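Below you'll find the structure, written out as structure tokens, and then a few comments.
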């Protein structure tokens, strides 16, 4: 069965959700030790003490666990992926797993981007958030966007997750009105993210990240082709993977385009490596692939023994 490995976007993560895997799995322990050397501090300790779901340590820990889970899937489930994808934050893990970026550089990049974004959003776009919602077909999304335009309100569609699942960035003062309109047309608002994500308005952040963080990183051609999460293009060169990660600041995520590319290339099975509440569960994924979730909880469960002949 032709397989792709998918590193999911990052959601709120607590140390208690991952500590058994992060401190117990051999690959995770090895990667944590390497990350400690790069960071100059104890990743597990800093993550444990962090009170921010998206702190620098939480982001690096998510990266480390995604990559360690991929190793677990290789040795335990004999996963041998033909392609790799990483929607949103998962693009960082995809760059490392594919071989386009060394693990040490992936840690440096993740920590550097976390610091860069935190400082940027502390001073810029402080009134912008990203709202997610489901049960709104794309035609009705267009109506919502048109209403925002008529009101003279800034907005941007940040994520296309499924045929009726989207994320829109807008000014915080419009959230109550917008969620009311979503409900009025039969949709369901989910959550509001701060800082916001994936908008052309953040071009200054992309430029700053390229100058301050990417200058010291060395990208190489990936060993495993990467599917760009913005348009579904197949990336086989270093420059393409580098641009994909940077473009995560300014281009909308389009998961249906990724699904279309994977289907076109004959993928039948997705191994979703990391804590995932979205990409391996939405109908566009489950209708098209056999999904193998690999997360810190399942990886520490006892494996059933194979009876002897």
Query raised in the report: Of everything in region 2-21 that's part of a helix (DSSP H, G or I) and under 12 Å from residue 274 (Cβ atoms), which residue is farthest from the chain's Cα centre (by Cα)?
Result: 21
Query raised in the report: Counting just the residues of region 260-276 that are over 19 Å from residue 130 (Cβ atoms) and under 14 Å from the mean Cα position of the chain (by Cα), which one comes out surrounded by the most Cβ atoms within 10 Å (Cβ to Cβ)?
Result: 273
Query raised in the report: Does residue 40 satisfy the condition of being more than 20 Å from the chain's Cα centre (by Cα), modelled with pLDDT under 95 and more than 27 Å from residue 4 (Cβ to Cβ)?
Result: no
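Would you please name the residue that is nearest to residue 94 (Cα to Cα), looking only at residues in region 266-279 that are in contact with a helix residue (DSSP H, G or I) (Cβ under 8 Å, 6 or more places away or on another chain) and outside any strand (DSSP E or B)?
First, the residues of region 266-279 that are in contact with a helix residue (DSSP H, G or I) (Cβ under 8 Å, 6 or more places away or on another chain): 270-271, 273-275, 279.
Filter again for outside any strand (DSSP E or B), leaving 274-275, 279.
Working: 274: 12, 275: 15, 279: 15 Å.
Once the filter is applied, the top-ranked residue is 274.
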Query raised in the report: Of the residues that make up region 131-150, is at least one within 24 Å of residue 212 (Cβ to Cβ) and either touching a residue at least 40 places away in the same chain (Cβ under 8 Å) or loosely packed, with under 15 Cβ neighbours inside 10 Å (or both)?
Result: no
Requested in this report: With the condition kept exactly as written, say whether any residue in region 238-247 is out of contact with any strand residue (DSSP E or B) (no Cβ under 6 Å at 6 or more places or on another chain) and under 19 Å from residue 11 (Cα atoms).
Outcome: yes
Query raised in the report: Looking at residue 257, is it at pLDDT below 95, assigned by TED's automatic domain parsing to the domain that holds residue 99 and either closer than 30 Å to residue 294 by Cα or surrounded by fewer than 19 Cβ atoms within 10 Å (Cβ to Cβ) (or both)?
Result: no
Query raised in the report: So which residues in region 200-231 are free of Cβ contacts under 8 Å to residues at least 60 places away in the same chain, touching a strand residue (DSSP E or B) at 6+ places or on another chain (Cβ under 7 Å) and more than 18 Å from residue 92 (Cβ to Cβ), if there are any at all?
Result: 200, 231
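Being surrounded by fewer than 21 Cβ atoms within 10 Å (Cβ to Cβ) and in the same structural domain as residue 223 (by TED's automatic domain parsing), is that true of even one residue in region 85-100?
Yes, that holds for at least one residue.
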Report task. Being surrounded by 13 or more Cβ atoms within 10 Å (Cβ to Cβ) and either over 13 Å from residue 125 (Cβ atoms) or modelled with pLDDT of 95 or more (or both) is the filter here, so list the residues in region 184-199 that pass it. Result -> 185, 187, 188, 189, 190, 192, 198, 199
Query raised in the report: Given the conditions (1) touching a helix residue (DSSP H, G or I) at 6+ places or on another chain (Cβ under 7 Å); (2) surrounded by fewer than 22 Cβ atoms within 10 Å (Cβ to Cβ); (3) touching a residue at least 60 places away in the same chain (Cβ under 8 Å), which single one is not true for residue 2?
Result: (1)
Query raised in the report: Among 245, 291, which is in contact (Cβ under 8 Å) with a residue 12 or more places away in the chain and part of a helix (DSSP H, G or I)?
Result: 245
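Provide a single number: the residues in region 39-53 that are assigned to a helix (DSSP H, G or I) and surrounded by fewer than 19 Cβ atoms within 10 Å (Cβ to Cβ).
5
The values are calculated or read from the model by the stated rules, or taken from the named source; none is laboratory data. Only a predicted model underlies this, so the values are computations on that prediction, with no experimental measurement involved. Here Cβ is always computed from backbone atoms with ideal geometry, including for glycine, and neighbour counts include all displayed protein chains.
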